[in-house]
Amino acid sequence: MGAAALPSNGEIATDTVATHPLVIGLQPAALVDNVAHVDWSLLDQIPGDRGGSMPVAIEELEHILKEVKAHKLASPDEPSPMKTMAGGSVANTIRGLSAGFGVSCGIIGACGNDEQGKLFVSNMSFNGVNLSRLRMKQGHTAQCVCMVDELGNRTMRPCLSSAVKVQADELTKEDFKGSKWLVLRYAIFNLEVIQAAIRTAKQEGLFVSLDLASFEMVRNFRSPLLQLLESGDIDLCFANQDEAMALLRGEQTTDPEVAAEFLAKHCNWAVVTLGADGCIARHGKEIVRVPAIGEAKATDATGAGDLFAGGFLYGLIKGLSLEECCKIGACSGGSVIRSLGGEVTPENWQWMYKQMQIKDLPLPDIRN
C-alpha cells in the first residue's frame, strides 16, 4: 500500500491473502531471530539480566553469535543447533494467527534489502501473512540472538540500532482500513510510531491489543506506559508476571490478581500470564484463572506469550467466553514451547488441535 510498499514480486503472495486483513500487527522493524540452545557458562559471560531482553550494538550481536556457535548445545531433537526465522513478538503472534488459526493477518513495518529482509519476507508470506504494508528500505534488517538454557528459559539480545524501521509519518489510513484489531508491543524507541498507529487505528474503529514486552522495558519506561494505558485507547493488554510486577512497583504486592485488576481499570480485557501456572484474565467484573497445559514439555519458552496472545485473540474474534479465550491461549502457548524458536511446527499445530478437541474448544476452519 502506498509508494513505499514492497513490490509485488514472486516472493510476496499478496494476491492469495485478504486485502483488508482482520488483524494487523505493527512491528516497526522487521526482525530475524537466531535461536540456539546454549550452556549456562555462556549466559554468565553476557552483560544484562539472564532471562530478559536487552538491546545490543551490531558489534556485540556479532560477538554473541560467534560465542553462541562455540557454546551451542546440540540435541537429538534439534540436529541443527541454530535456527533462523522471522521474529519479534508481533510477528510471532501474527504468523501464529494466520498459520494455525486461519485468521487473515497483515503486518506494518519495514525490512532491509538484505539477506535477513528476504528471509523475513519469505517466512511470513509462506505462513499466509499479507505483506502489502511492509516497506522495503535500503539498509539492514534487525536481528536478535535468542539463547535458550537447559531448562528452556530464553535470554534475548536484539540489535535494532542500525536497522531500518517504519516511521510515524509513513503510516496512512489505508494501512488500517477494513481491519478489526491492531496488535502492538510496547517499546520506548517505537513510542512515536505506536502513538501514531493507535490514533489512526482508533479513527478507523479498530480494537487495540498491547503486549508489555519485557520487565526491563516496563521497569525503565513505566511512566510513558502508564500514560498509554490511561489514555483508554488500549482494549486488550497482555503482561507476564515479571512485567506485571514491574508495572505495580511500589504497591508492595506480588499478587498477579492485583496486577490483572489494575490493568482491567484501563482496558476491556486484561491478561497476566503465569508460565507453568497458567494465567489470570479479567473482563469488567469477570475474572478467570486457567491452568497451563500439563502435557506441554518446555524445550524453549521463546514465543510462549506471543502465541498465547494469538490464541486468546482468536477466541475473542470468534466471540468465545473469557475462560475459553484463556484455554485456547494455553493450547497455542503450549504448542510453541515444544520446539526451538517462536514459530510453531506443523506437528505442534496438530498437537494444539488435539488439545483443543480434548477441551471441547472450537477448532479453526483450516487445519494444517
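If you take all other residues with their beta carbon under 9 Å from the beta carbon of residue 322, and give Lys and Arg +1 and Asp and Glu -1, the sum is -2.
For the range 243-298, the Cβ-based charge dipole about the Cα centre amounts to some 120 debye (Lys, Arg positive; Asp, Glu negative; other atoms uncharged).
For the chain, with all protein chains in place and a probe radius of 1.4 Å, 50% of the accessible heavy-atom surface sits on carbon or sulfur.
Which of the peptides 306-315, 116-125 is most tightly packed, and how do the rest follow, judged by the mean count of other Cβ atoms within 10 Å per residue?
Values: 306-315: 28.1, 116-125: 20.8.
Those peptides, ordered most packed to least, come out 306-315, 116-125.
Partner lysines whose Cα lies under 30 Å from the Cα of residue 285, excluding those fewer than 8 positions away in the same chain, are identified as 180, 202, 265, 318, 327, 359. Taking a quarter of the surface of the Cα convex hull of the chain gives a mean projected area of 16.8 nm². Projecting the Cα atoms of 22, 57, 247 onto the charge dipole of the chain (Cβ charges, centred on the Cα centre) puts 22 farthest toward the positive pole. Projecting the Cα atoms of 352, 329, 339 onto the charge dipole of the range 320-368 (Cβ charges, centred on the Cα centre) puts 339 farthest toward the positive pole.
Among DSSP beta bridges whose residues both lie in the chain, state the antiparallel percentage, nearest 5. The partial results should precede the final answer.
Numbers: 25 of 60 bridges.
Around 40 percent of the beta bridges assigned by DSSP in the chain are antiparallel ones.
Show me 337-348, 104-115 ranked by packing, highest mean number of other Cβ atoms within 10 Å first. Provide the component values of the computation, followed by the final result.
Numbers: 337-348: 21.4, 104-115: 23.0.
So the order, starting with the most tightly packed, is 104-115, 337-348.
Using the rule -39500 (n - 2.57) for each DSSP H run of four or more residues, divided by the residues of the chain, the 222 nm mean residue ellipticity is -11000 deg cm²/dmol. Under the rule of at least 5 residues apart or a separate chain, name every residue whose amide H is placed under 5 Å from the amide H of residue 207. Amide H neighbours of residue 207: 181, 182.
How much area per residue is accessible in the chain when the probe is 1.4 Å and only protein heavy atoms are counted (Å²)? Don't skip to the answer; put the middle values down first.
On the way: 14960 Å² over 368 residues.
I get 41 Å² per residue for the chain.
From the Cα gyration tensor of the range 242-350, with a ≥ b ≥ c the square roots of its eigenvalues, which class applies: rounded if a/c is under 1.5, or else prolate if a/b is larger than b/c, or else oblate? Since a/c reaches 1.5 but b/c is at least a/b, the shape of the range 242-350 is classed as oblate.
Net charge in the neighbourhood of residue 163 (other residues with Cβ under 12 Å of its Cβ; Lys, Arg +1, Asp, Glu -1) is +1.
Once backbone amide H atoms are built at 1.01 Å from N, residue 38 has 73, 148, 149 as its partners under 5 Å, excluding neighbours fewer than 5 places away on the same chain.
Size estimate for the range 146-278 follows the Kirkwood approach: the inverse of mean 1/r over distinct Cα pairs works out to 16.0 Å.
Under the criterion of Cα pairs below 8 Å and six or more residues apart, the relative contact order for the range 164-204 equals 60 percent. State whether the range 159-217 is rounded, prolate or oblate according to the following rule on the C-alpha gyration tensor (a ≥ b ≥ c being the square roots of its eigenvalues): a/c under 1.5 gives rounded; otherwise a/b larger than b/c gives prolate, and the remaining case gives oblate. It is oblate, given that a/c is not under 1.5 and a/b is not larger than b/c.
For the chain, a crude dipole built from +1 on the beta carbon of Lys and Arg and -1 on the beta carbon of Asp and Glu, taken about the Cα centre, is about 640 debye to the nearest 20. Each residue of the range 173-183 was assigned a 3J(HN,Hα) from its phi angle through the Karplus curve 6.51 cos²θ - 1.76 cosθ + 1.60 (θ = phi - 60°); the sequence is 4, 4, 4, 10, 3, x, 8, 10, 10, 10, 9 Hz, with glycine and proline shown as x.
Please list 88-101, 157-170 highest first by mean number of surrounding beta-carbon atoms within 10 Å per residue. Walk me through the intermediate numbers first.
Details: 88-101: 28.0, 157-170: 19.1.
Highest to lowest by the protection proxy: 88-101, 157-170.
The values are calculated or read from the model by the stated rules, or taken from the named source; none is laboratory data. Since this is a predicted model, take the numbers as computed values, not measurements. Cβ: placed from backbone, ideal geometry, glycine included. Neighbour counts: every protein chain shown. Side chains are part of the model used for accessible areas, which takes the heavy atoms of the whole protein and leaves out ligands, DNA and RNA. Shrake-Rupley method; radii C 1.70, N 1.55, O 1.52, S 1.80 Å.
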